[in-house]
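The values are calculated or read from the model by the stated rules, or taken from the named source; none is laboratory data. Please read these numbers as outputs of a predicted model, since none were measured by experiment. No Cβ is skipped: glycine too gets one built from the backbone with ideal geometry, and neighbour counts run over all protein chains shown. Accessible surface areas use protein heavy atoms only, side chains included; no ligands, DNA or RNA. Shrake-Rupley method; radii C 1.70, N 1.55, O 1.52, S 1.80 Å.
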Amino acid sequence: MTVGTAPGAATTSTARDIFLVSNTTDELGGVTAWMHQMARLFQRYGHRVHVIGVHRADLKLSLPDDLGYPVTNLYPSHPPTPRRIRGFGRLDVRQRRREADRLAERKRVVDGLSELFATARPGGILIVTQVWPMEWLREADTAGLTVIGMSHESYEYSKACHRYRWIKHNYPSVDRWLTLTEEDADRWIADGMHNVGFMPNALARLPEVPSPRTGPAVASIGRLHDQKGIDLLLDTWAEVAPERSDWTLRIYGAGIEEDALRAQCTRLGLDGSVRWMGRTDDVRGALDAASVFVQSSRGEGFPLALMEAMASGVPCAAFDCAPGVREIVQDEVDGLLAPPGDTGALARQLLRLTGSAQLRDTMGERARENVQRFSEEEVLRRWEDLFAFLEE
């Protein structure tokens with residue numbers, strides 16, 4: 001979309017009620033962090049923001065006690081999964097009662113959503129950041145709201161899992177649904193979707209001073225989850241460590257895979273060069289202590305951690321696992337990419353970066369400059385243009 005001058009506070013005529021709806025409002029992860037980042041941006045611009053999640057999370061993102069905008073969770077924990085009662089199960093009074101209770105609670109939730117949406121002023125916007133909440137939103141009364149659906153993962157990653165079916169079922173009915181890159185938007189259009197646009201994530205911050213890039217450490221930041229490919233990173237590091245005995249790999253994050261990953265680390269003989277740093281709220285500090293950033297994900301959307309590393313001037317090596325990755329990193333210019341899942345190729349890229357301070361400095365400085373094209377002001381302008389376009 002056309003980009004104009006930097007926005008200031010919204011005028012009374014353009015201030016809107018914006019509802020941001022996600023799986024959770026407090027889960028540790030990039031989508032939740034993005035949602036609260038956008039809530040702050042929209043509110044700063046003069047919009048009235050309300051954040052909604054299906055349920056509360058177990059592994060939580062650190063958030064301020066007072067966010068400055070209302071937050072609603074539809075359920076206190078993960079809602080019951082619907083189950084079709086068949087055969088003799090129809091005679092089971094307990095199963096029938098549980099299903100009746102689930103449906104009654106679902107109706108209460110949907111009615112509550114309809115009442116909440118009815119409070120919106122004309123021009124209200126409903127942004128569904130993940131497709132699962134559409135299960136409830138399709139039943140709620142959204143009359144008068146412009147509904148925007150989103151996907152925070154690549155076409156290929158969605159196509160390989162159940163969310164592909166959800167997207168094809170739920171998103172044709174929304175006013176616009178957004179991928180994170182033009183390349184992914186084109187893939188969905190070729191797959192028969194006709195209301196598709198794209199919107200990149202925004203860079204959360206640009207540190208005043210870049211990382212000194214003096215510590216012999218490679219940093220990885222992300223959940224310890226299969227999607228993030230930390231097992232692949234350990235296999236990669238097993239090739240790097242013998243050549244870089246003075247370097248350490250610092251893995252920041254927590255998650256359900258931690259025990260298995262630690263056991264893999266031990267089997268590979270990497271305990272002396274891998275540091276398990278746990279989850280951190282001090283991303284800036286983690287990047288300041290590193291000279292290289294690595295991302296080993298199997299699938300991504302538009303990774304915030306990758307942008308933050310580049311903004312800190314830390315050169316990156318990453319699997320080219322999604323259009324969002326190669327949209328952010330210009331291979332051989334401001335970072336290095338490797339074919340998805342190719343641990344040998346990723347190891348070679350890490351060896352190049354860890355072996356040359358000049359290469360690290362050159363790519364780190366270029367990365368810090370180039371990533372500013374995704375500044376908050378730039379992305380907010382795109383959102384405002386989209387709102388105006390959909391209002392016509």
* Please name which of 339, 68, 113 has its Cα lying farthest along the dipole of the chain towards the positive end, using unit charges on Cβ (Lys, Arg +1; Asp, Glu -1) and the Cα centre as origin. => 113
* For the stretch 68-84 and the stretch 261-311, write down the distance between their C-alpha centroids in whole Å. => 31
* Only loop residues by DSSP count here, and only those with at most 16 other Cβ atoms within 10 Å; note down the GluC sites (Glu not before Pro) in the stretch 185-283 that meet that. => 208
* Ignoring ligands, DNA and RNA, what accessible area per residue does the chain give at 1.4 Å, in Å²? -> 46
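Compute the signed sum of charges (Lys and Arg +1, Asp and Glu -1) over the other residues within less than 15 Å, Cβ to Cβ, of residue 171.
Values: positive: 138, 159, 163, 165, 168, 176, 187; negative: 135, 153, 175, 184, 191.
Local net charge: +2.
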* Which label belongs to the value computed from this structure, given these candidates for Kirkwood radius over Cα pairs in Å: (1) 24.5; (2) 22.4; (3) 20.9? -> (2)
* Within the accessible area of the chain (1.4 Å probe), percent carbon and sulfur -> 49
* Relative contact order for the chain using alpha-carbon pairs under 8 Å, separation at least 6, rounded to a whole percent? -> 15
* What is the dipole size for the chain, taken about its Cα centre, with +1 at each Lys and Arg Cβ and -1 at each Asp and Glu Cβ, in debye to the nearest 20? -> 1400
* Cα centroid separation - the stretch 344-378 against the stretch 89-139, whole Å -> 45
* Angle, helix 343-354 long axis vs. longest principal axis of the chain, Cα atoms, 0 to 90°, nearest 10? -> 60
* Relative to the first principal axis of the alpha-carbon coordinates of the chain, what is the inclination of helix 258-267, with its axis defined by its Cα atoms, in degrees from 0 to 90 and to the nearest 10? -> 20
* Asked: Picking from 315, 329, 380, whose Cα lies most toward the positive end of the charge dipole for the stretch 310-391 (charges on Cβ: Lys, Arg +1; Asp, Glu -1)?
  -> 315
